[in-house]
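Note sheet for the following structure.
The values are calculated or read from the model by the stated rules, or taken from the named source; none is laboratory data. Note that the coordinates shown come from a computational prediction; the quantities given were computed from them, not determined experimentally. All Cβ positions, glycine included, derive from the backbone under ideal geometry; neighbour counts span all protein chains shown. The accessibility values were calculated without ligands, DNA or RNA, using every heavy atom of the protein model including side chains. Shrake-Rupley method; radii C 1.70, N 1.55, O 1.52, S 1.80 Å.
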Amino acid sequence: MTDHLHASSGLSLQQRATNIRRHALLMGQVQGYIGQALGAADLLAVSYFHAMNYRADQPDREQRDRFYLSIGHYAIALYAALLEAGVILLAERETYGTDESRLPMSGMAAYTPRMEITGGSLGHGLGIAVDACLGLKQKGSTARVFNLLSDGELNEGSTWEAAMSASHWLAG
């Protein structure tokens, strides 16, 4: 299989974004933050079906790009994208937000497929992403790290420290 396997299926980014919104709406019937998912669908479609290098059949492949969701309450949006990408099986969509589900309302890296970090405490995601980039760089990896953070996180000192360290350690 090749990278971007799902990108070659013939669906446009607009169709992917629509499908992401559809997945989120169906999950949101149980409970959830639908607005965030609807708003982030375009960004997630471009990330997963245009920019990122991943293989749905090899989710732990070392050379995969990583998507770090700093804002844990956007988990429904990421789940919808992972459903569309084939990383999470469609049958799991019905379990969203239920007891024992791998798809809780706020994403948990310990048991949600391709939930790279547990988000929630705003201001930590960018620092974790920068550290991941440093680790990948030291390994000589070409994998990239994408980080979705909120405007509220820009007020956190740790976010600014992470941005400054990235410009120092990762530039060039």
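The table below gives the values:
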read-out: Hey, Pro104 of a type outside the set (Gly, Ala, Ser) and modelled with pLDDT under 90 or not; value: no
read-out: For Ala163: the one exception among (1) within 15 Å of the chain's Cα centre (by Cα); (2) exposed (fewer than 15 other Cβ atoms within 10 Å of the Cβ); value: (1)
read-out: Search result, residues across the stretch 94-113 that are closer than 18 Å to Gln36 by Cβ, in contact (Cβ under 8 Å) with a residue 40 or more places away in the chain and either open to solvent by 40 Å² or more (accessible area, probe 1.4 Å) or in contact with a Cys (Cβ under 6 Å, 6 or more places away or on another chain) (or both); value: Met105
read-out: Entirely in the stretch 72-172, the helices (runs of 4 or more DSSP H) that have 1 or more residues that are closer than 22 Å to His50 by Cβ; value: 75-85, 125-139
read-out: Of all residues making up the stretch 122-132, the number that are touching a Leu at 6+ places or on another chain (Cβ under 8 Å) and surrounded by fewer than 19 Cβ atoms within 10 Å (Cβ to Cβ); value: 0
read-out: In the stretch 18-59, residue least open to solvent (accessible area, probe 1.4 Å) [restricted to those that are hydroxyl-bearing (Ser, Thr, Tyr) and assigned to a loop (DSSP other than H, G, I, E, B)]; value: Tyr54
